[in-house]
Amino acid sequence: MLVAAAVCPAPPLLVPEVAAGAAAELGDARTACSDALAVLAASRPDLLVVVGAAQEGGGYDQGTPGSFAGFGVDLTVTLGPEPEGPPSGHATGTTLPASLAVAGWLLGRARWAVAPVAGVAVAEDLPSSGCGLLGADLGRSAERVAMLVLGDGSACRTLKAPGYLDERAAGFDAAAARALGAADVAALAAIDAGLAAELQAAGRAPWQVLAGAAEGADLAGRLLYEDAPYGVGYFVAVWS
């Protein structure tokens with residue numbers, strides 16, 4: 001059963017080495033992510049499931065490496081601490097996608113050692129119904145499940161945003177922020193996947209996986225951070 005969740009943004013710029021001279025711009029977001037991970041640790045889970053968007057879905061064992069070399073930085077992370085025993089054999093991926101690499105960096109920064117970690121990449125185009133079913137399965141994967149969900153809002157908030165300016169973006173992000181801050185499962189599940197794709201909102205699928213996992217869990221939410229420093233909506237929220 002899902003007992004706690006943290007929602008964090010997924011840009012590699014969250015990693016100071018990648019952001020370089022612009023590292024300070026996301027300082028508040030990093031602090032909020034640290035606070036969110038502390039909530040997960042306090043929930044005393046039996047398993048931490050890390051969920052992020054990728055081009056293709058797949059599973060990743062604890063200790064799977066990820067690299068930021070593609071962003072010009074010689075930095076390698078792992079998904080949680082490297083396990084003492086052999087890998088579970090359930091993973092389908094051997095290298096983390098970018099969203100889960102950011103999660104690996106966050107977990108390393110927090111020195112996560114509370115519970116075993118499992119990674120799940122969700123295909124960006126997975127239909128809402130499929131996201132809900134996947135989330136429900138993940139929510140039943142241990143007696144006490146915590147979830148770290150990586151995903152961004154629209155990428156169309158300004159003229160210099162990756163997706164240019166779209167007047168629908170601000171309203172989309174405001175609705176997402178309300179839903180994440182209120183742990184509104186129904187509102188997250190109802191996000192229009194087509195609109196999210198048009199606005200390049202990579203968080204849609206992971207958020208809807210969270211909604212599936214949280215169905216019936218009766219968790220309360222709190223929004224810790226909301227901003228769009230690069231024309232992309234970034235949110236940090238905790239559910240407990």
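If you count only protein heavy atoms with a 1.4 Å probe, what accessible area per residue comes out for segment 121-240, rounded to a whole Å²?
Here the per-residue accessible area is 42 Å².
If you count only protein heavy atoms with a 1.4 Å probe, what accessible area per residue comes out for segment 1-116, rounded to a whole Å²?
For segment 1-116, the per-residue accessible area is 45 Å².
Compute the distance from the alpha-carbon center of segment 105-158 to that of segment 179-235, in whole Å.
Here the answer is 12 Å between Cα centres.
Show the residues, 5+ positions off or on another chain, whose built amide H is closer than 5 Å to the amide H of V149.
Those qualifying (amide H under 5 Å, at least 5 residues apart or on another chain) are A6, V7, C8, V51.
Need one number: the % of Cα-Cα pairs in segment 126-240 sitting beyond the 18 Å mark.
Of all Cα-Cα pairs in segment 126-240, 46 percent lie more than 18 Å apart.
Can you give me the three principal axis dimensions of the chain from its C-alpha atoms, in Å, biggest first?
Principal axes ranked by extent give 50, 42, 30 Å for the Cα atoms.
Per DSSP H run of at least 4 residues, take -39500 (n - 2.57); add these up for the chain, divide by its residues and hand me the 222 nm value, nearest 500 deg cm²/dmol.
-10000 deg cm²/dmol
Using +1 on the beta carbon of Lys and Arg, -1 on that of Asp and Glu, and nothing else charged, what's the dipole of the chain about the Cα centre, debye to 20?
Computed charge dipole of the chain: roughly 320 debye.
What share of the DSSP beta bridges in the chain is antiparallel, in percent to the nearest 5?
Taking every DSSP beta bridge within the chain, about 45 percent pair in antiparallel fashion.
Under a Cβ-only charge scheme (Lys and Arg +1, Asp and Glu -1), can you give me the dipole magnitude of segment 31-142 about the Cα centre, in debye to the nearest 20?
It comes to approximately 280 debye.
Springs between alpha-carbon pairs under 10 angstrom, Gaussian network model over the chain: which of V209, V18, V117 fluctuates most?
Result: V18 has the largest fluctuation of those listed.
I'd like the carbon and sulfur percentage of the solvent accessible area for the chain, probe radius 1.4 Å, heavy atoms only, ligands and nucleic acids excluded.
Answer for the chain: carbon and sulfur cover 52 percent of the accessible area.
Once the dipole of the chain is set up with Lys and Arg at +1 and Asp and Glu at -1 on Cβ about the Cα centre, which of L150, Y230, L219 lies farthest towards its positive end?
L219
The values are calculated or read from the model by the stated rules, or taken from the named source; none is laboratory data. Since the model is a prediction, treat every value here as computed from it, not as a measurement. Because the Cβ atoms are built from the backbone with ideal geometry, glycine has one as well, and the counts that use them run over all protein chains shown. Areas reflect the complete protein model, heavy atoms only, side chains present, ligands, DNA and RNA absent. Shrake-Rupley method; radii C 1.70, N 1.55, O 1.52, S 1.80 Å.
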